[in-house]
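Take a look at the structure set out below.
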Amino acid sequence: MQPVAVVRSPFREKFGIPRQSGLTAGISSEVVLLPPYDIAQTVQGLEGFSHLWLLFAFHANLDRGWRPTVRPPRLGGNRRVGVFASRSTHRPNPIGLSVVALHQVRLEAGVVLQVSGADLLDGTPILDIKPYIPFADAIPDARGGYVDAPPQQSPITYSEAAQAQLLEHRQRWPELPNVIAAALGYDPRPAYHQAEGRRYGVALYDLDVAWEQHGQQKVVVSITRLVG
Ligand code: SAM
């Protein structure tokens, strides 16, 4: 299989990416079609659909292999379920799927799909794009197993310095507050790695967002340009 497109998203590392597409609603990404698929014919009729399925390769894990059971973060990281009972990124065939909202099909230079709601690392190769078909794909009374409700999103606070930096960087990245809220609010820390007061960093756009955990509070302490 050859990628048909590549994703441009605010998420520059796996740490901090919410663990499902429904948790990044309102966060914009682009799906940039690659040659020879970047022609108007391949997307003819797509603008009639509000949502898309993206099938993609977990390309940042390709060397990590898989195991028959995994420990989903939703179960606190200490209970195991089968790999096929999970949406783990470590799978025999490292293929993911996400539903995104389609806002615009841009044809000015190749083909770019303006989407929101992607839970994907910047640079993710897209293997296929399919329209979401509500009558077939939406199953309102489906059971969600051990993930039958969305995770809690905790509020984020900012130090005075970080608040000023947020205002500055927001001029270039208007969605930055939402992106930070999604990246931190669903608690990206692994269950075994949750020390009080510890400092963490997450790469969003061209920024390093540093934050500390104090009790239940996540406090952003600085937002600076990534080096290199
Ligand atoms: N919605 C997809 C699915 O169900 O197949 C992905 C779910 S997976 C649990 C979501 C996680 O995949 C994100 O939190 C991020 O850490 C990871 N991820 C996103 N893009 C990736 C990539 N290109 N390579 C490896 N991991 C990636």
Checklist line | Subset tally (residues that are outside any loop (DSSP other than H, G, I, E, B) and more than 21 Å from Leu121 (Cβ to Cβ)) for region 59-88 | finding: 6
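On the given criteria, is Leu120 within 11 Å of the ligand (Cβ to nearest atom), open to solvent by less than 40 Å² (accessible area, probe 1.4 Å) and under 18 Å from Phe56 (Cβ atoms)? Quick ask: steps written out before the conclusion?
Details: within 11 Å of the ligand (Cβ to nearest atom): yes; open to solvent by less than 40 Å² (accessible area, probe 1.4 Å): yes; under 18 Å from Phe56 (Cβ atoms): yes.
Taking the combined requirement at face value, the residue satisfies it.
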Note to self: If I filter region 93-103 for residues that are in contact (Cβ under 8 Å) with a residue 40 or more places away in the chain and not in a strand (DSSP E or B), do I get at least one hit?
What the structure shows: no
Margin query: Tell me yes or no: at least one residue of region 169-178 is open to solvent by 30 Å² or more (accessible area, probe 1.4 Å), in contact (Cβ under 8 Å) with a residue 40 or more places away in the chain, in contact with a strand residue (DSSP E or B) (Cβ under 9 Å, 6 or more places away or on another chain) and closer than 20 Å to Arg8 by Cβ.
Written below: yes
Next item on the list: Please find, among Leu184, Leu167, the residue that is more than 21 Å from the chain's Cα centre (by Cα) and part of a helix (DSSP H, G or I).
Entry: Leu167
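Could we say that Val111 is within 14 Å of the ligand (Cβ to nearest atom), out of contact with any Pro (no Cβ under 6 Å at 6 or more places or on another chain) and over 30 Å from Gln217 (Cβ atoms) here? Spell out how you get there, then give the answer.
Working: within 14 Å of the ligand (Cβ to nearest atom): no; out of contact with any Pro (no Cβ under 6 Å at 6 or more places or on another chain): yes; over 30 Å from Gln217 (Cβ atoms): yes.
No; evaluated as a whole, the condition is false for this residue.
The values are calculated or read from the model by the stated rules, or taken from the named source; none is laboratory data. Worth saying up front: this structure is predicted, and the values here are computed from it rather than measured. Every residue, glycine as well, gets a Cβ built from its backbone with ideal geometry; the counts of neighbours run over all protein chains shown. All accessible areas refer to the heavy atoms of the entire protein, side chains included, with ligands and DNA or RNA removed. Shrake-Rupley method; radii C 1.70, N 1.55, O 1.52, S 1.80 Å.
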